[in-house]
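Note sheet for the following structure.
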Amino acid sequence: MQHPLRACSSAVLAFVKTGVNLTIEAGVTVRATAGTPAAALVIERGAKIFALGTQQEPITFTSATGIQDPNDPEFDPATARGRWGGLIILGNAPIIGGENSVEGLPEGMGLYGGNDPDDSSGVLRFVRVWFGGSEISPDNEINGITFAGVGRGTEVDHIEVAYNLDDGVEFFGGTVNAKFISVLFCGDDGIDTDEGYQGKLQFVFVITGTSGHHGFEMDSVGDETPRSSPQIYNVLIVGGSTDPGMVTSDQQKNGLIRLREGTGAHLGNLITVNVADKAVWLSNCTDALTVTQDIENRSGPDTLYFSPGNMLGPHTAPVRTSIGCRGKELRSWSKEEPNLVMVAETINDTVLFIDPRPRTGSSPVYRAVDDVPADFFTPVDYRGAFGEDLWLSGWSLLDEFGLIPDNVFGEFQEGVIQSDATWRSDTLHLLADQVFVASGATLTIQPGAVIKAYRDNGSGRAPSLVIERGAKILAEGRADRPITFTSVLNPRHLPARGTWGGVVILGNGLTSKGVSNVEGLEGVEYGGNNPDDDSGVLTYVRVWYGGDKIAPDNEINGVTFGAVGARTVVDHLEVA
C-alpha cells in the first residue's frame, strides 16, 4: 500500500503501519503541531519510508509555528528547541535483548528489533529535522531521528537534525549505515549509539554549541551481545569553546566524545575542535573489551579501536579515563591543529558564519589519513568530515540562512602581502580575513578575476582588501572581462548588503588632517604631502554586496580612497 506526501503538503504526524510504504516527495515540508504527547512520525517494523529529497529540494520536518531564523536578534535557541517530536524508524535488525519498545509510544506500536541485519525500512535522503525533541511521555524527550533496530538494507544519506531538545540522531541497535550526517546545536548529544548498534557512519559533522552535551555518546550493555561496535570514519566535532568558562555543559567539558558501558567501535579520521577540557571520555569498560590503537587489531565487535591519527588538538591531556578502564587507556593521538577555513573559537548556540573545510595545502588533515574499511566507505585523502566539497551546501540549515559559503573552493588570500603578487583570472580568490598589501608591494589583478569574500564570523573584522600607503593595486579589467569583488554566499542569498567588508586604498596625498589612522585598522595610516601620489589602477572593477563592520560600530564603504593621489588611475568603477 502506498501513501504519498506531495510537495507543499502539511500533515499531522502519525504511525505508518506494517506493510505500508510512505513516500515523501522532494521539496515537501511537514509541519508538526505542539502538544502532549509530542507529535511524531513513527515508521513501524515492516513499514517503509521513502523520503526522497534532493540537494535543491530537501524534505523538511519542522514545527507548525514556523522555521526560526538564527539571524534574528530575537532568536532564542532554548525556545526554538522542543516545538514538536521527531522521526522514529523501527526495524527488524538485531539488538541487545532481541526486542524492545520505544518508551512513551502506545503499547505494541513501538516495538523494534529482530533477526534480519539486512532489513530495509526504506530511504532517507536529503532530509532535515528541525526544532523538535519535545516529550512523547513524561520526562521522555524524543530524538530528532531515532533508528531503532533498523537494518542495513535501509539507505540513509544527507540527513540533518538541528535545534533538537534531546539527542540529534540515536541508533538503538541495528545495522543501518549512513553517510553525510549533520547535527547542529542540540540540547543533549549529537550522535548516540546503544543497544548493540553495529552500523557504519562516514562524513559526520556535529556542532554542540556551548550548552550541548557530547558530540558522540556511545554505549553498549556491558558484555551482552550483540555488542555495540559501529565503524565510524571522517568526523568533525565542533565544541562550544576552548574556554571552559564559556561552556555551560559539564557533560561537554568531560568529553566531546564519550565511550562507555563496554562499547566497541572503530574510530578513524576524526577531528575535534573547540575542546573546553576533554576531547574523549572513556569509562565503564568491561573485561572482554579490548581497547587498541594498533590497526592490525582493528577487527571484531569486542574491540574498541581509536586511531592514533585522530586529531584531538594541542591539549596536554585531552583524554579522560575513568575507573573501570584502567589499563585500557588511549595513549596516542594527533596534537596538530586542523587549520580549518573559518571556525570561531567560541560558538554559542548560534553561529554567525562558518566554513569547516580545511585549507588546501596548509592543513595537516591531508596527512596521516586512515585507510577506511573496504565496504560501504568512500576512500578519501583527508581526516575530518570535509575536504574541498562543502556537502552542506544547498540543503543544510546553515545554508538556508546564509551561515556558510557557497560550495566553491579556491586560493585563500590572507595576511600581509610583502612583495609583488598576481591574482590570476583562472583561479577563484577567497578572502576569509583582512588582507593587507604592504608598502613597496604591488598587487596585480588580471582581467576577469573574481574575488569572493566571507562574512564576519563574530570577530568584528569583516574580510577586506587594504592597499597601504606606498603599495599599489593594478586592477585593470576590461568591459568584456571586468574584475569582480563579491560575496562567497550561495547566489540564492544575493543581492544583499553588508555580506563582507570592502576595498580600502590608502595613499600619501593631502588631507585636511594630515596623517590619520583608519578607524578599525590598527596601525594603518593614510595621508601625506604628495598630491601626485600613485596607488595604481582601477579600471572596470565591480565591488558588490559589501559594507560590513571592520570594527565595532564601524561599517566600511564599498571602495574607500584615503588620501589617494592624482596619478592613481580610476575609471569604470561600480559599487552595488
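The values are calculated or read from the model by the stated rules, or taken from the named source; none is laboratory data. The model shown is predicted, which means the values in this text are computed figures rather than measured ones. In this analysis, Cβ positions are derived from the backbone assuming ideal geometry, glycine residues included, and neighbour counts consider all displayed protein chains.
Observations
- The residue that is farthest from SER241 (Cα to Cα), among those in region 340-383 that are polar (S, T, N, Q) and in contact (Cβ under 8 Å) with a residue 40 or more places away in the chain, is THR378.
- Among the residues of region 491-513, those identified as part of a loop (DSSP other than H, G, I, E, B), within 35 Å of the chain's Cα centre (by Cα) and surrounded by fewer than 24 Cβ atoms within 10 Å (Cβ to Cβ) are LEU494, PRO495, ALA496, ARG497, GLY498.
- Residue that is nearest to ARG567 (Cα to Cα), among those in region 472-485 that are small (Gly, Ala, Ser) and either crowded, with 23+ Cβ neighbours inside 10 Å or without any contact (Cβ under 8 Å) to a residue 40 or more places away in the chain (or both): ALA475
- Test: residue in region 328-346 that is surrounded by fewer than 21 Cβ atoms within 10 Å (Cβ to Cβ), in contact with a Leu (Cβ under 6 Å, 6 or more places away or on another chain) and either farther than 21 Å from ASP277 by Cα or not polar (S, T, N, Q) (or both): no
- Lone unmet requirement of (1) within 30 Å of PRO226 (Cβ to Cβ); (2) surrounded by 22 or more Cβ atoms within 10 Å (Cβ to Cβ); (3) not hydroxyl-bearing (Ser, Thr, Tyr) for GLY110: (2)
- Some residue of region 156-164 being surrounded by 24 or more Cβ atoms within 10 Å (Cβ to Cβ), touching a residue at least 24 places away in the same chain (Cβ under 8 Å) and either closer than 24 Å to PRO226 by Cα or basic (Lys, Arg) (or both): yes
- From PHE171, PHE205, residue being farther than 27 Å from PRO138 by Cβ and outside any loop (DSSP other than H, G, I, E, B): PHE205
- Residue in region 227-235 that is in contact with a Pro (Cβ under 7 Å, 6 or more places away or on another chain), among the basic types (Lys, Arg) and closer than 26 Å to SER299 by Cβ present: yes
- Among the residues making up region 476-490, a single one is of a type in the set (A, V, I, L, M, F, W, C) and over 35 Å from the mean Cα position of the chain (by Cα): ALA479.
- Residues that are among the charged types (D, E, K, R), within 35 Å of the chain's Cα centre (by Cα) and in a strand (DSSP E or B) within region 514-573 comprise ARG542, LYS549, GLU555, listed in sequence order.
Yes/no matrix, rows are residues, columns are (1) in contact with a His (Cβ under 7 Å, 6 or more places away or on another chain); (2) under 22 Å from PRO308 (Cβ atoms):
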| residue | (1), (2) |
| --- | --- |
| GLY168 | no, no |
| PHE180 | yes, no |
| LEU184 | no, no |
| ASP188 | yes, no |
| GLU195 | no, no |
| MET218 | no, yes |
| ARG227 | no, no |
| ASN269 | no, yes |
| VAL273 | no, yes |
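- Among the conditions (1) without any contact (Cβ under 8 Å) to a residue 12 or more places away in the chain; (2) buried (at least 17 other Cβ atoms within 10 Å of the Cβ), the only one that VAL488 does not satisfy is (1).
- Some residue of region 188-197 being assigned to a loop (DSSP other than H, G, I, E, B), among the small types (Gly, Ala, Ser) and crowded, with 24+ Cβ neighbours inside 10 Å: yes
- The residues on offer are GLY361, GLY324, GLY309, and the sole one that is among the small types (Gly, Ala, Ser), surrounded by 15 or more Cβ atoms within 10 Å (Cβ to Cβ) and either more than 24 Å from ALA276 (Cβ to Cβ) or modelled with pLDDT under 95 (or both) is GLY324.
- Across region 462-480, the number of residues qualifying as part of a loop (DSSP other than H, G, I, E, B), acidic (Asp, Glu) and farther than 22 Å from GLU525 by Cα comes to 1.
- For the residues VAL570, VAL515, VAL537, the requirement of being in contact with a strand residue (DSSP E or B) (Cβ under 6 Å, 6 or more places away or on another chain) and touching a residue at least 60 places away in the same chain (Cβ under 8 Å) singles out VAL537.
- The residues listed here are ILE67, ILE95; of these, the one that is surrounded by fewer than 23 Cβ atoms within 10 Å (Cβ to Cβ), in contact (Cβ under 8 Å) with a residue 12 or more places away in the chain, touching a Phe, Trp or Tyr at 6+ places or on another chain (Cβ under 9 Å) and not small (Gly, Ala, Ser) is ILE67.
- Scanning region 434-461 for residues that are part of a strand (DSSP E or B) and of a type in the set (Ser, Thr, Tyr) yields THR442, THR444.
- Looking across region 247-286, the residues that are part of a strand (DSSP E or B) and closer than 19 Å to CYS325 by Cα come down to ILE257, ARG258, LEU259, ALA265, HIS266, LEU267, VAL280, TRP281, LEU282.
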